[in-house]
Amino acid sequence: MMSRRMACRVTAVLLAVAAAVPVGTATAAPGPPPPAGGRALTGPASPATAGRTTAGRTTAGRTTAGRTTVACAAGRGPYQRQVERWLRLAVDGRQSAADCEAVRAFQTRQGIKPANGYAGPVTWARMRLLSARTAPTDTGTEGASGDAAGPATGAVPDPASGSAAGPASGAATGGASGPAAGVVASGGCPVRSYRVACVDLRRQLTWVQKGGKTLFGPVAMRSGGAGHRTRTGWFRIYWKHKNHWSSLYNAPMPYAQFFSGGQAFHAVHGSIHTTGGSMGCVNLRLADARKLWSVLKTRDHVYVWGRRPGS
């Protein structure tokens, strides 16, 4: 009995000693399993690659100093010549590598995204706005571009003269019958001693001036496109409705200020920088329409001139 018990103890001790002593060469612990649906990385993450395509679209151009830039647009934009002229580049209407770099640098400075060198409506609208910012009613040139703006020279009819270029006068249609003429501009928006909301269809800009002082803007806007042109001439603000809803187009018209029949200044929630136009109204960004609402009063004058490009 005693010998059997001792044998069991000796066997237990031997097993414990054997478990503590390493046998053979140790093997490396297995690594983590590869991620689902892919293979495990075998080294550090690779650097950014230029022109990588994700989900069918190019997401990067070239990598400079660790920063990935957006690739140049594939083709020329609709405002290629105007943008080239504004930037004092060779005006040929083609997008060269140098053109792309110059346009992209401008877009980067102005916070336009994507900065891809494309001469599109957003870039051209920004250039027009910068040109008009200091003296919006001076339409002799478009900033650095030297591009003539504004209508043909000639006296601008005054609302009191009875020769306004818009629809017949009367409050119902927004026609004006204002006070005596002040200073008559030979082009652009007439300078008057009272408030005038200026709508430059050619440059797609609007602002409010009184005498020689600019009270609002200039800001970018979108006027009527082909078949729905914004009417030109002298008008007056005849109705203001902050939360207007268009029964004709079943659409919101925030901060609506009507000046010619159903045509009004009002905000839109989408982009105003499109190649197509509005249905005749002067569309503004929400913040701009809100500010204009506080500047203009009922019976204030509106002067619309020029023609929207492409309309």
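The values are calculated or read from the model by the stated rules, or taken from the named source; none is laboratory data. Remember, it's a predicted structure, so these values are computed and weren't measured experimentally. Here Cβ is always computed from backbone atoms with ideal geometry, including for glycine, and neighbour counts include all displayed protein chains.
Does any residue of region 183-196 turn out to be within 25 Å of the chain's Cα centre (by Cα), part of a strand (DSSP E or B) and modelled with pLDDT of 90 or more? The answer is no, given that none of the residues of region 183-196 is within 25 Å of the chain's Cα centre (by Cα), part of a strand (DSSP E or B) and modelled with pLDDT of 90 or more.
Considering region 221-237, and only residues there that are assigned to a strand (DSSP E or B) and within 15 Å of Arg308 (Cα to Cα), the residue that is modelled with the highest pLDDT turns out to be Gly233.
Quick check: anything in region 245-256 out of contact with any strand residue (DSSP E or B) (no Cβ under 9 Å at 6 or more places or on another chain) and of a type in the set (A, V, I, L, M, F, W, C)? Yes, the conditions are met somewhere in region 245-256. When you check Gly224 against the structure, is it of a type in the set (Gly, Ala, Ser) and either over 16 Å from Cys198 (Cα atoms) or in the same structural domain as Leu129 (by TED's automatic domain parsing) (or both), yes or no? Here the answer is no, as Gly224 does not meet what is asked.
Every residue, every condition in (1) crowded, with 16+ Cβ neighbours inside 10 Å; (2) charged (D, E, K, R), yes or no:
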site: Val70; (1), (2): yes, no
site: Arg85; (1), (2): yes, yes
site: Ala98; (1), (2): no, no
site: Gly111; (1), (2): no, no
site: Leu129; (1), (2): yes, no
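Only one of the listed residues (Lys240, Lys297) is among the charged types (D, E, K, R), at pLDDT 95 or above, assigned to a strand (DSSP E or B) and over 21 Å from Ser131 (Cβ atoms). That residue is Lys240. In region 95-143, the residue that is modelled with the lowest pLDDT out of those that are outside any loop (DSSP other than H, G, I, E, B), of a type in the set (Val, Ile, Thr) and under 15 Å from Gln204 (Cα atoms) is Val122. Among the residues of region 268-305, the one identified as among the hydroxyl-bearing types (Ser, Thr, Tyr), closer than 18 Å to Trp234 by Cα and buried (at least 21 other Cβ atoms within 10 Å of the Cβ) is Tyr303. Among the conditions (1) modelled with pLDDT under 80; (2) more than 24 Å from the chain's Cα centre (by Cα), Ala90 misses just one, which is (1). Suppose we keep only residues that are without any contact (Cβ under 8 Å) to a residue 40 or more places away in the chain and outside any loop (DSSP other than H, G, I, E, B) within region 264-284. Which one would you say is nearest to the chain's Cα centre (by Cα)? Of everything passing the filter in region 264-284, Ala267 is nearest to the chain's Cα centre (by Cα). Take the conditions more than 19 Å from Val268 (Cα to Cα), out of contact with any strand residue (DSSP E or B) (no Cβ under 7 Å at 6 or more places or on another chain) and modelled with pLDDT under 90 and apply them to Ser169. Does it pass? Answer is no for this residue.
Starting from residues that are of a type in the set (A, V, I, L, M) and farther than 20 Å from Val302 by Cα, keep the ones in region 237-267 and report whichever is surrounded by the fewest Cβ atoms within 10 Å (Cβ to Cβ). Looking at residues that are of a type in the set (A, V, I, L, M) and farther than 20 Å from Val302 by Cα, I get Leu248. For the structure I just gave you, tell me whether Pro218 is surrounded by 18 or more Cβ atoms within 10 Å (Cβ to Cβ), more than 20 Å from Ala289 (Cβ to Cβ) and at pLDDT below 95. For Pro218, the condition - surrounded by 18 or more Cβ atoms within 10 Å (Cβ to Cβ), more than 20 Å from Ala289 (Cβ to Cβ) and at pLDDT below 95 - is not met.
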